[in-house]
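The values are calculated or read from the model by the stated rules, or taken from the named source; none is laboratory data. Predicted, not measured: the structure shown is a model, and the values here were computed from it. Methodologically, a virtual Cβ is constructed for each residue, glycine included, from the backbone with ideal geometry; neighbour enumeration extends over all protein chains shown.
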Amino acid sequence: MNVPLLWYFADPMCSWCWGFSPVIEAVRNRYHERLKIALVLGGLRPGTTTPMTAAARDDILHHWQQVHARSGQPFQFDGALPDGFIYDTEPASRAVVTAGGLDPSKIFAMFQAIQTAFYAEGRDVTQPAVLAELAAGLGMDAAAFQQAFDSEAARARTQAHFAQSRKAGVRGFPTLILQRGEQLDRITDGWQPLDAVQAELDRLLLCPG
């Protein structure tokens, strides 16, 4: 019997994914013997090259306040998204892909380390030096990480993640899709509390595929 696969489409610089972090961790802990869980980097704003406008900053910080209110996750609001900040999510996503390539067991840990650094600590996770430091904090060799991160292979694998997300029809993050054989069932399309996610997972896992 094939083990069901739960696809988690997310971006490390997506605030609702940060709000969803305790939920996905609880799901991973509760269902790890019944499901395989795979992270797909969705690509929120990859390749952005222009600094954020004041209006865009205000809009994003408003979303952060909503996420904080709904999820209780911590945010560093003071000094967040400073003048000149370029909200390019490709480097952070590539860092997660790179970490997973060096040590598959670290992919979720790297994802969470970037989220924590960006949202709770106000660090600029678009910078390769910051990402290498986070990788080192997880026990990876910083130089090896940096070399892999800068490679064309890592860039290509990251783009493949973005393409998989688009092919799956994912329009927003976080999204959970349960795959049983050829059958695909969308569990969440956006943030949901743990009880709602568990109820839907339990219902589908009890049903024949």
Quiz item: Which of (1) aliphatic (A, V, I, L, M); (2) over 24 Å from Ser15 (Cβ atoms); (3) touching a residue at least 12 places away in the same chain (Cβ under 8 Å) does Val97 not meet, given it meets every other one?
Solution: (2)
Quiz prompt | Set Pro104, Pro12: member being modelled with pLDDT of 95 or more and out of contact with any helix residue (DSSP H, G or I) (no Cβ under 9 Å at 6 or more places or on another chain) | solution = Pro104
Quiz item: Taking the condition in a loop (DSSP other than H, G, I, E, B) and either in contact with an Asp or Glu (Cβ under 7 Å, 6 or more places away or on another chain) or at pLDDT 95 or above (or both), does Gly209 pass?
Solution: no
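To keep it simple, each residue is scored yes or no on (1) assigned to a helix (DSSP H, G or I); (2) surrounded by fewer than 18 Cβ atoms within 10 Å (Cβ to Cβ).
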residue	(1), (2)
Phe85	no, yes
Thr98	yes, no
Phe108	yes, no
Phe111	yes, no
Gln115	yes, no
Tyr119	yes, no
Gly122	no, yes
Glu133	yes, yes
Quiz item: Looking at Asp103, Asp150, Asp189, Asp202, which is the one that is among the charged types (D, E, K, R), out of contact with any Leu (no Cβ under 7 Å at 6 or more places or on another chain), free of Cβ contacts under 8 Å to residues at least 12 places away in the same chain and on the phi < 0 side of the Ramachandran plot?
Solution: Asp202
Exercise. Return the pairs, sorted by first residue and then second, in which the second residue is charged (D, E, K, R), the first residue lies in the stretch 121-144 and is closer than 22 Å to Ser15 by Cβ, the beta carbons are less than 7 Å apart, and the residues are 6+ apart or on different chains.
Key: Thr126/Asp88; Val130/Arg123; Val130/Asp124
Self-check item: Unmet requirement for Met1, which otherwise passes all of (1) part of a helix (DSSP H, G or I); (2) modelled with pLDDT under 95; (3) among the hydrophobic types (A, V, I, L, M, F, W, C)
Solution: (1)
